[in-house]
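Here's the structure we're looking at; comments come further down.
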Amino acid sequence: MKNKVLRDMLIPGCVAVAAIVVPYLLISVGVIDAYTAQIITLSGVNAIMAISVNVICGITGQLSLGQAGFMAIGSYATIILTQTVGLPMPVSIALAALITVIFGILIGFPTLKLQGDYLAIVTLGFGEIIRVLLVNFKAITGGANGLRFTTIFVARADYAYLVVIGMLVVVIILLQNFIRSTYGRAILAVREDEIAANSNGVSVFKYKMIGFAVASCIAGIGGALYAPFIGFVKPDLASFNRSIDYLIFVVLGGMGSVTGAVIAAFVLTYLQEFLRFLQDYRLLIYPLILIFVMLFRPQGLLGMKEISFVKLWDSLMAKIGSKGASTKKAGKKATVEKGDAQ
(Lines give C-alpha, C1' and ligand atoms only; values in the text may rest on other atoms or scores of the structure.)
Protein backbone atom coordinates (compact mmCIF):
# COMPACT_ATOMS: atom_id res chain seq x y z
CA MET A 1 0.00 0.00 0.00
CA LYS A 2 2.83 2.38 0.91
CA ASN A 3 4.61 1.59 -2.35
CA LYS A 4 1.44 2.37 -4.31
CA VAL A 5 0.99 5.72 -2.54
CA LEU A 6 4.66 6.55 -3.12
CA ARG A 7 4.35 5.65 -6.79
CA ASP A 8 1.17 7.71 -7.20
CA MET A 9 3.03 10.71 -5.79
CA LEU A 10 6.35 10.08 -7.53
CA ILE A 11 5.07 9.78 -11.13
CA PRO A 12 3.13 13.08 -11.25
CA GLY A 13 5.95 14.72 -9.30
CA CYS A 14 8.55 13.67 -11.88
CA VAL A 15 6.31 14.89 -14.72
CA ALA A 16 5.84 18.25 -12.96
CA VAL A 17 9.56 18.70 -12.35
CA ALA A 18 10.35 17.75 -15.96
CA ALA A 19 7.75 20.22 -17.27
CA ILE A 20 9.42 23.01 -15.30
CA VAL A 21 13.13 22.17 -15.51
CA VAL A 22 13.59 20.81 -19.05
CA PRO A 23 12.10 23.80 -20.95
CA TYR A 24 13.85 26.17 -18.52
CA LEU A 25 17.23 24.64 -19.41
CA LEU A 26 16.39 24.72 -23.13
CA ILE A 27 15.48 28.42 -22.87
CA SER A 28 18.65 29.16 -20.87
CA VAL A 29 20.96 27.60 -23.48
CA GLY A 30 19.09 29.16 -26.41
CA VAL A 31 17.50 26.05 -27.92
CA ILE A 32 14.09 27.64 -27.35
CA ASP A 33 14.25 31.27 -28.49
CA ALA A 34 12.95 34.18 -26.39
CA TYR A 35 9.85 34.69 -28.54
CA THR A 36 8.70 31.08 -28.17
CA ALA A 37 9.50 31.23 -24.45
CA GLN A 38 7.27 34.30 -24.08
CA ILE A 39 4.41 32.51 -25.83
CA ILE A 40 4.77 29.50 -23.53
CA THR A 41 4.91 31.77 -20.48
CA LEU A 42 1.83 33.72 -21.60
CA SER A 43 0.10 30.37 -22.12
CA GLY A 44 0.92 29.56 -18.50
CA VAL A 45 -0.72 32.79 -17.30
CA ASN A 46 -3.77 32.07 -19.47
CA ALA A 47 -3.88 28.52 -18.09
CA ILE A 48 -3.99 29.88 -14.53
CA MET A 49 -6.87 32.15 -15.54
CA ALA A 50 -8.62 29.23 -17.26
CA ILE A 51 -8.32 27.22 -14.04
CA SER A 52 -9.86 30.16 -12.15
CA VAL A 53 -12.86 30.23 -14.48
CA ASN A 54 -13.11 26.45 -14.33
CA VAL A 55 -13.30 26.51 -10.54
CA ILE A 56 -16.33 28.81 -10.54
CA CYS A 57 -18.03 27.56 -13.72
CA GLY A 58 -17.07 23.89 -13.99
CA ILE A 59 -16.46 22.82 -10.39
CA THR A 60 -18.76 25.12 -8.40
CA GLY A 61 -21.38 25.18 -11.16
CA GLN A 62 -21.94 28.96 -11.33
CA LEU A 63 -21.64 31.15 -14.42
CA SER A 64 -19.25 34.07 -13.89
CA LEU A 65 -18.31 36.60 -16.57
CA GLY A 66 -16.09 38.83 -14.46
CA GLN A 67 -12.91 36.85 -13.79
CA ALA A 68 -10.87 39.34 -15.82
CA GLY A 69 -11.82 41.95 -13.20
CA PHE A 70 -10.16 39.86 -10.48
CA MET A 71 -7.13 39.46 -12.72
CA ALA A 72 -6.90 43.24 -13.10
CA ILE A 73 -7.08 43.69 -9.32
CA GLY A 74 -4.20 41.24 -8.85
CA SER A 75 -2.10 42.95 -11.55
CA TYR A 76 -2.55 46.51 -10.28
CA ALA A 77 -2.13 45.44 -6.65
CA THR A 78 1.21 43.79 -7.45
CA ILE A 79 2.55 46.86 -9.24
CA ILE A 80 1.38 49.32 -6.55
CA LEU A 81 2.68 47.19 -3.66
CA THR A 82 6.06 46.66 -5.35
CA GLN A 83 6.77 50.06 -6.90
CA THR A 84 4.86 52.44 -4.60
CA VAL A 85 4.96 50.69 -1.22
CA GLY A 86 8.34 49.07 -1.86
CA LEU A 87 7.54 45.48 -0.88
CA PRO A 88 9.48 42.52 -2.33
CA MET A 89 7.75 41.01 -5.34
CA PRO A 90 6.95 37.60 -3.76
CA VAL A 91 5.27 39.38 -0.86
CA SER A 92 3.40 41.64 -3.29
CA ILE A 93 2.13 38.65 -5.26
CA ALA A 94 0.90 36.93 -2.09
CA LEU A 95 -0.80 40.11 -0.84
CA ALA A 96 -2.32 40.71 -4.30
CA ALA A 97 -3.91 37.25 -4.17
CA LEU A 98 -5.24 38.01 -0.66
CA ILE A 99 -6.66 41.37 -1.78
CA THR A 100 -8.38 39.65 -4.70
CA VAL A 101 -9.92 37.10 -2.33
CA ILE A 102 -11.31 39.96 -0.20
CA PHE A 103 -12.88 41.52 -3.29
CA GLY A 104 -14.23 38.10 -4.27
CA ILE A 105 -15.92 37.70 -0.89
CA LEU A 106 -17.35 41.23 -1.05
CA ILE A 107 -18.77 40.56 -4.52
CA GLY A 108 -19.84 36.98 -3.83
CA PHE A 109 -21.66 37.60 -0.55
CA PRO A 110 -24.59 39.59 -2.02
CA THR A 111 -24.61 37.90 -5.45
CA LEU A 112 -24.16 34.16 -4.91
CA LYS A 113 -27.76 33.83 -3.76
CA LEU A 114 -28.58 34.52 -7.42
CA GLN A 115 -28.43 31.77 -10.03
CA GLY A 116 -27.86 31.32 -13.74
CA ASP A 117 -28.21 34.40 -15.92
CA TYR A 118 -28.64 36.77 -12.96
CA LEU A 119 -25.26 35.84 -11.47
CA ALA A 120 -23.63 36.16 -14.89
CA ILE A 121 -25.08 39.66 -15.35
CA VAL A 122 -23.92 40.79 -11.89
CA THR A 123 -20.36 39.49 -12.39
CA LEU A 124 -20.30 41.11 -15.84
CA GLY A 125 -21.27 44.41 -14.23
CA PHE A 126 -18.55 43.92 -11.60
CA GLY A 127 -15.91 43.58 -14.31
CA GLU A 128 -17.08 46.78 -15.99
CA ILE A 129 -17.09 48.64 -12.66
CA ILE A 130 -13.49 47.59 -12.04
CA ARG A 131 -12.49 48.80 -15.51
CA VAL A 132 -14.18 52.19 -15.03
CA LEU A 133 -12.58 52.66 -11.62
CA LEU A 134 -9.16 51.87 -13.04
CA VAL A 135 -9.68 54.48 -15.74
CA ASN A 136 -10.83 57.22 -13.36
CA PHE A 137 -8.50 56.77 -10.38
CA LYS A 138 -5.59 58.27 -12.33
CA ALA A 139 -3.46 59.15 -9.31
CA ILE A 140 -3.18 55.49 -8.31
CA THR A 141 -3.80 53.48 -11.46
CA GLY A 142 -2.43 55.81 -14.12
CA GLY A 143 -5.84 56.14 -15.76
CA ALA A 144 -6.31 54.98 -19.34
CA ASN A 145 -2.52 55.02 -19.86
CA GLY A 146 -2.04 52.23 -17.32
CA LEU A 147 1.08 51.46 -15.32
CA ARG A 148 4.53 50.27 -16.33
CA PHE A 149 6.42 47.67 -14.36
CA THR A 150 10.16 47.12 -14.94
CA THR A 151 11.21 43.73 -13.58
CA ILE A 152 13.67 40.93 -14.26
CA PHE A 153 10.72 39.00 -15.72
CA VAL A 154 10.76 41.28 -18.77
CA ALA A 155 14.50 40.91 -19.40
CA ARG A 156 14.90 37.21 -18.57
CA ALA A 157 12.59 34.89 -20.53
CA ASP A 158 13.95 31.83 -18.71
CA TYR A 159 13.29 33.31 -15.28
CA ALA A 160 9.76 34.36 -16.28
CA TYR A 161 9.04 30.84 -17.54
CA LEU A 162 10.38 29.24 -14.37
CA VAL A 163 8.22 31.39 -12.08
CA VAL A 164 4.98 31.29 -14.11
CA ILE A 165 5.01 27.59 -15.01
CA GLY A 166 6.21 26.71 -11.52
CA MET A 167 3.26 28.60 -10.05
CA LEU A 168 0.91 26.92 -12.55
CA VAL A 169 2.08 23.49 -11.37
CA VAL A 170 1.65 24.51 -7.72
CA VAL A 171 -1.89 25.79 -8.42
CA ILE A 172 -2.84 22.53 -10.16
CA ILE A 173 -1.46 20.39 -7.32
CA LEU A 174 -3.17 22.42 -4.60
CA LEU A 175 -6.46 22.53 -6.51
CA GLN A 176 -6.50 18.77 -7.13
CA ASN A 177 -5.93 18.16 -3.42
CA PHE A 178 -8.63 20.70 -2.55
CA ILE A 179 -11.16 18.97 -4.85
CA ARG A 180 -10.45 15.64 -3.13
CA SER A 181 -10.91 17.20 0.33
CA THR A 182 -14.15 17.41 2.31
CA TYR A 183 -14.71 20.97 1.11
CA GLY A 184 -14.14 20.00 -2.50
CA ARG A 185 -16.57 17.08 -2.28
CA ALA A 186 -19.19 19.36 -0.76
CA ILE A 187 -18.72 21.89 -3.59
CA LEU A 188 -19.14 19.11 -6.15
CA ALA A 189 -22.31 17.99 -4.36
CA VAL A 190 -23.69 21.54 -4.60
CA ARG A 191 -22.83 21.63 -8.29
CA GLU A 192 -24.65 18.37 -9.01
CA ASP A 193 -27.85 19.12 -7.09
CA GLU A 194 -28.32 22.05 -4.71
CA ILE A 195 -31.60 20.72 -3.28
CA ALA A 196 -30.17 17.27 -2.56
CA ALA A 197 -27.01 18.76 -1.04
CA ASN A 198 -29.04 21.11 1.18
CA SER A 199 -31.30 18.27 2.33
CA ASN A 200 -28.18 16.33 3.42
CA GLY A 201 -26.91 19.18 5.58
CA VAL A 202 -24.52 20.82 3.10
CA SER A 203 -24.65 24.62 3.33
CA VAL A 204 -25.13 25.62 -0.31
CA PHE A 205 -24.28 29.31 0.14
CA LYS A 206 -21.20 28.58 2.27
CA TYR A 207 -19.63 26.24 -0.25
CA LYS A 208 -20.50 28.50 -3.16
CA MET A 209 -18.64 31.26 -1.32
CA ILE A 210 -15.64 28.99 -0.75
CA GLY A 211 -15.54 28.07 -4.45
CA PHE A 212 -15.89 31.72 -5.46
CA ALA A 213 -13.10 32.75 -3.08
CA VAL A 214 -10.77 30.03 -4.40
CA ALA A 215 -11.50 31.10 -8.00
CA SER A 216 -10.83 34.74 -7.06
CA CYS A 217 -7.53 33.81 -5.41
CA ILE A 218 -6.34 31.91 -8.50
CA ALA A 219 -7.38 34.84 -10.75
CA GLY A 220 -5.46 37.19 -8.47
CA ILE A 221 -2.36 34.99 -8.80
CA GLY A 222 -2.76 35.00 -12.58
CA GLY A 223 -2.97 38.80 -12.61
CA ALA A 224 -0.07 39.14 -10.18
CA LEU A 225 2.13 37.07 -12.53
CA TYR A 226 0.86 38.81 -15.67
CA ALA A 227 2.00 42.28 -14.50
CA PRO A 228 5.74 41.54 -14.03
CA PHE A 229 5.83 39.27 -17.10
CA ILE A 230 4.30 41.78 -19.54
CA GLY A 231 5.70 44.85 -17.75
CA PHE A 232 2.63 46.96 -18.51
CA VAL A 233 -1.03 46.87 -17.49
CA LYS A 234 -4.03 48.97 -18.48
CA PRO A 235 -7.76 49.05 -17.58
CA ASP A 236 -8.69 46.93 -20.61
CA LEU A 237 -7.30 44.01 -18.62
CA ALA A 238 -10.70 43.91 -16.87
CA SER A 239 -12.71 44.03 -20.09
CA PHE A 240 -15.59 41.70 -20.92
CA ASN A 241 -13.74 40.31 -23.95
CA ARG A 242 -10.93 38.95 -21.77
CA SER A 243 -13.41 37.21 -19.49
CA ILE A 244 -14.98 35.59 -22.54
CA ASP A 245 -11.55 34.47 -23.80
CA TYR A 246 -10.88 32.66 -20.53
CA LEU A 247 -14.37 31.15 -20.60
CA ILE A 248 -13.67 29.82 -24.10
CA PHE A 249 -10.61 27.96 -22.79
CA VAL A 250 -12.83 26.19 -20.25
CA VAL A 251 -15.63 25.41 -22.72
CA LEU A 252 -13.17 23.97 -25.21
CA GLY A 253 -11.20 21.95 -22.66
CA GLY A 254 -14.26 20.73 -20.76
CA MET A 255 -16.28 22.17 -17.89
CA GLY A 256 -14.90 20.64 -14.71
CA SER A 257 -11.65 19.33 -16.24
CA VAL A 258 -8.56 21.15 -14.95
CA THR A 259 -6.18 19.45 -17.37
CA GLY A 260 -8.62 20.11 -20.23
CA ALA A 261 -8.68 23.84 -19.46
CA VAL A 262 -4.87 23.95 -19.25
CA ILE A 263 -4.41 22.15 -22.58
CA ALA A 264 -6.98 24.40 -24.28
CA ALA A 265 -5.25 27.53 -22.91
CA PHE A 266 -1.85 26.45 -24.27
CA VAL A 267 -3.22 25.37 -27.65
CA LEU A 268 -5.36 28.47 -28.27
CA THR A 269 -2.70 30.91 -27.06
CA TYR A 270 -0.10 29.40 -29.37
CA LEU A 271 -2.65 29.23 -32.22
CA GLN A 272 -3.31 32.96 -31.91
CA GLU A 273 0.39 33.73 -32.26
CA PHE A 274 0.89 31.23 -35.07
CA LEU A 275 -1.94 32.82 -37.08
CA ARG A 276 -0.78 36.38 -36.47
CA PHE A 277 -0.01 36.75 -40.20
CA LEU A 278 -3.81 36.75 -40.76
CA GLN A 279 -3.97 40.01 -38.76
CA ASP A 280 -7.49 40.72 -37.45
CA TYR A 281 -8.95 37.73 -39.29
CA ARG A 282 -7.37 35.44 -36.71
CA LEU A 283 -10.01 36.68 -34.26
CA LEU A 284 -12.50 34.54 -36.20
CA ILE A 285 -10.72 31.40 -35.01
CA TYR A 286 -12.29 31.35 -31.50
CA PRO A 287 -15.90 31.62 -32.74
CA LEU A 288 -15.32 28.94 -35.37
CA ILE A 289 -13.72 26.60 -32.83
CA LEU A 290 -16.62 27.16 -30.43
CA ILE A 291 -19.17 26.41 -33.16
CA PHE A 292 -17.48 23.14 -34.08
CA VAL A 293 -17.09 22.14 -30.42
CA MET A 294 -20.76 22.84 -29.69
CA LEU A 295 -21.84 20.88 -32.76
CA PHE A 296 -19.62 17.81 -32.47
CA ARG A 297 -18.48 17.67 -28.82
CA PRO A 298 -20.58 19.94 -26.59
CA GLN A 299 -18.97 18.58 -23.40
CA GLY A 300 -15.54 19.84 -24.53
CA LEU A 301 -12.38 17.92 -25.38
CA LEU A 302 -12.12 16.06 -22.06
CA GLY A 303 -15.57 16.65 -20.59
CA MET A 304 -15.20 16.21 -16.83
CA LYS A 305 -12.30 13.75 -17.14
CA GLU A 306 -8.74 14.41 -16.02
CA ILE A 307 -5.50 13.17 -17.54
CA SER A 308 -3.85 10.78 -15.07
CA PHE A 309 -0.11 10.30 -15.55
CA VAL A 310 -0.24 7.29 -13.21
CA LYS A 311 -2.78 5.54 -15.46
CA LEU A 312 -0.77 6.49 -18.55
CA TRP A 313 2.34 5.00 -16.93
CA ASP A 314 0.50 1.80 -15.98
CA SER A 315 -0.89 1.51 -19.51
CA LEU A 316 2.58 1.99 -21.01
CA MET A 317 4.13 -0.59 -18.68
CA ALA A 318 1.34 -3.05 -19.49
CA LYS A 319 1.94 -2.65 -23.23
CA ILE A 320 5.70 -3.07 -22.79
CA GLY A 321 5.10 -6.14 -20.61
CA SER A 322 2.67 -7.74 -23.06
CA LYS A 323 5.01 -7.00 -25.97
CA GLY A 324 7.93 -8.56 -24.08
CA ALA A 325 5.84 -11.60 -23.19
CA SER A 326 4.71 -12.09 -26.80
CA THR A 327 8.32 -11.76 -28.03
CA LYS A 328 9.49 -14.29 -25.46
CA LYS A 329 6.66 -16.65 -26.39
CA ALA A 330 7.50 -16.30 -30.09
CA GLY A 331 11.17 -17.05 -29.33
CA LYS A 332 10.26 -20.22 -27.42
CA LYS A 333 7.96 -21.34 -30.25
CA ALA A 334 10.71 -20.80 -32.81
CA THR A 335 13.13 -22.83 -30.65
CA VAL A 336 10.64 -25.70 -30.35
CA GLU A 337 9.97 -25.71 -34.10
CA LYS A 338 13.71 -25.73 -34.79
CA GLY A 339 14.18 -28.68 -32.43
CA ASP A 340 11.33 -30.59 -34.13
CA ALA A 341 12.88 -29.95 -37.54
CA GLN A 342 16.16 -31.44 -36.36
Heavy-atom accessible area of residue 194 with all protein chains present, probe 1.4 Å, nearest 10 Å²?
50
Measuring from label point to label point, each 7 Å out along Cα→Cβ, what is the residue 314 to residue 176 span in nm?
1.4
Acute angle (nearest 10 degrees) that the helix 67-79 long axis makes with the longest principal axis of the chain, alpha-carbon atoms
70
Simple SL model, points at 7 angstrom along Cα→Cβ for residue 305 and residue 139; separation in nm is 5.7
Residue 234: accessible area at probe 1.4 Å, nearest 10 Å²?
90
Please compute the per residue accessible area over the chain with all protein chains in place, 1.4 Å probe, rounded to a whole number of Å².
53
In the full protein assembly as shown, how much of residue 305 is accessible to a 1.4 Å probe, in Å² to the nearest 10?
150
Ratio of Rg to Rh for segment 1-146, alpha carbon only, Kirkwood?
1.06
Ordering 149, 109 by how much accessible area each has at a 1.4 Å probe, largest first, what is the list?
109, 149
Sorted by accessible surface (1.4 Å probe, heavy atoms of the protein chains only), largest first, 14, 57 come out as 14, 57
Using +1 on the beta carbon of Lys and Arg, -1 on that of Asp and Glu, and nothing else charged, what's the dipole of segment 137-214 about the Cα centre, debye to 20?
240
Counting only protein chains, not ligands or nucleic acids, how are 24, 286 ordered by accessible area (probe 1.4 Å), most first?
24, 286
Two-decimal log10 I(q)/I(0) for segment 211-325, as the Debye equation yields it once each C-alpha is a single scatterer, q = 0.15, 0.19, 0.21, 0.23 Å⁻¹:
-0.85, -1.16, -1.28, -1.37
Placing +1 on the Cβ of each Lys and Arg and -1 on the Cβ of each Asp and Glu in segment 78-226, which of 83, 118, 195 has its Cα farthest towards the positive end of the resulting dipole?
83
Rounded to the nearest 20 Debye, what is the dipole magnitude of the chain about its Cα centre when Lys and Arg each give +1 and Asp and Glu each give -1 at the C-beta?
980
Mind pulling the per residue volume of the convex hull built on the Cα atoms of the chain? Å³ is fine.
214
Just to check, using Stokes-Einstein with a Kirkwood Rh over alpha carbon pairs, what's the diffusion coefficient of segment 83-210 at 20 °C and 1.002 mPa s in µm²/s?
119
About the Cα centre, charge dipole magnitude for segment 246-313 (Lys/Arg +1, Asp/Glu -1 at Cβ), debye
140
Sort 168-178, 80-90 by the packing proxy (mean of other Cβ within 10 Å over each peptide's residues), most packed first.
168-178, 80-90
Helix 182-192: angle to the longest alpha-carbon principal axis of the chain, degrees 0 to 90, nearest 10?
80
Segments 210-220, 45-55, 244-254 sorted - mean Cβ within 10 Å per residue, highest first
45-55, 210-220, 244-254
Flagged as over-length at 31 Å C-alpha distance, from 208/305; 138/208; 138/206, the pairs are 138/208; 138/206
Surrounding charge for residue 49, neighbours by C-beta under 11 angstrom, Lys/Arg +1, Asp/Glu -1, total 0
Accessible carbon and sulfur surface of the chain relative to its total accessible area, %, 1.4 Å:
69
Hey, if you put +1 on the Cβ of every Lys and Arg and -1 on every Asp and Glu Cβ in the chain, which of 106, 127, 223 ends up farthest toward the positive end of that dipole?
223
Karplus couplings for segment 292-307 from phi (6.51 cos²θ - 1.76 cosθ + 1.60, θ = phi - 60°), rounded to Hz, Gly and Pro as x?
5, 5, 5, 7, 9, 8, x, 7, x, 4, 10, x, 9, 7, 10, 7
Amide H to amide H, which residues 5 or more places from residue 32 or on other chains are under 5 Å from it, using H placed in the peptide plane?
27
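The values are calculated or read from the model by the stated rules, or taken from the named source; none is laboratory data. Computed from a predicted structure; not experimentally measured. Using ideal geometry, Cβ is built from the backbone for each residue, glycine included, and neighbour counts are taken over all protein chains shown. Ligands, DNA and RNA are stripped out before the accessible areas are found, and what is left, the full protein with its side chains, is counted by its heavy atoms. Shrake-Rupley method; radii C 1.70, N 1.55, O 1.52, S 1.80 Å.
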